[in-house]
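Report on the structure given below.
Any read-out appearing in this document is the output of simple, stated calculations on the displayed coordinates, not a laboratory observation. This is a predicted model, so every value here is computed, not measured. Cβ placement follows ideal geometry from the backbone for every residue including glycine, while neighbour counts extend to all protein chains displayed.
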Amino acid sequence: MIAGDRCTRACGFCAVATAKPLPLEADEPARVAEATRRMRLRHVVITAVARDDLADGGADHFRRTIEAVRVANPGIVIEVLTPDFLDRDEAIEMVLTAEPEIFNHNLETVRRLTPSVRSRATYDRSLSVLGKVKARKGDAIHTKSGLMLGLGETEAELFTAMEDLRRVGCNILTLGQYLQPTLKHLPVVEFVPPVRFAEYKLVAERLGFLHVASGPMVRSSYHADELPLNLQHPGNKLQ
Ligand code: SF4
């Protein structure tokens, strides 16, 4: 996670601290690149807190980090898990110039619950971000999103969210059980049985997602490197 550990937002499910962020560290991209090189990673997920205090939402910091990691790790698959950048075209474009293989932005929950679950985010804005990435890069990128289950959503609402994601061309979906990080966070409304996660995976695959990870313990980066070969970036140098 780059750009600090203080977020400008306060989502009801998230344990990251909400506070005035510190200035970006100019050498962070190089340090991340060195860490990934030492760990000999084949696949890295780069995420960040929401930096609404910055004019570009931290997009250029993402770009610099992706580029540094790429140089230090030829052949690595780079997945970004980004905030919504307030849906600003320039910020989205800035990240895309560094050509990540996978662009993940989480929808997190269904439309009805979004205002009570997410902070300063909207359902449509998140769909718009994913749609813009796909429109700009087409098959040269894989878009990805995730939903937490057990927050009180209905099955019909969940299926609508899946359809909405497919409508903007989203390729990869993660579905996992929401767990309450502390008593101050949103309560768990339901523990969804594994068998229903399995059913939802089939529904999502029928809707056209190319890869679906669905299970109680699934998170955004769950086995992120286990994509079928035909999902890998046509231009990437993965061995
Ligand atoms: S924007 Fe992201 S990091 Fe910030 S509180 Fe929400 S989920 Fe957590």
Going residue by residue through segment 83-94, is there one that turns out to be more than 19 Å from I172 (Cα to Cα) and under 13 Å from the mean Cα position of the chain (by Cα)? yes
Taking strands (runs of 3 or more DSSP E) that fall entirely within segment 84-186, which contain at least 2 residues that are in contact (Cβ under 8 Å) with a residue 60 or more places away in the chain, within 16 Å of the ligand (Cβ to nearest atom) and touching a strand residue (DSSP E or B) at 6+ places or on another chain (Cβ under 8 Å)? 142-149
Can you pull out the residues in segment 187-213 that are more than 20 Å from G152 (Cα to Cα) and either among the charged types (D, E, K, R) or assigned to a loop (DSSP other than H, G, I, E, B) (or both)? E205, R206, G208, F209, L210
For A35, only one of the following conditions fails: (1) under 25 Å from E101 (Cα atoms); (2) over 20 Å from the mean Cα position of the chain (by Cα); (3) aliphatic (A, V, I, L, M); (4) outside any helix (DSSP H, G or I). What is its number? (4)
Checked against (1) away from the ligand (no atom under 16 Å from the Cβ); (2) surrounded by 20 or more Cβ atoms within 10 Å (Cβ to Cβ), H61 satisfies every condition except (1)
Within segment 7-40, track down each residue that is buried (at least 16 other Cβ atoms within 10 Å of the Cβ), within 15 Å of the ligand (Cβ to nearest atom) and either β-branched (V, I, T) or in contact (Cβ under 8 Å) with a residue 40 or more places away in the chain (or both). C7, T8, R9, C11, G12, F13, C14, V16
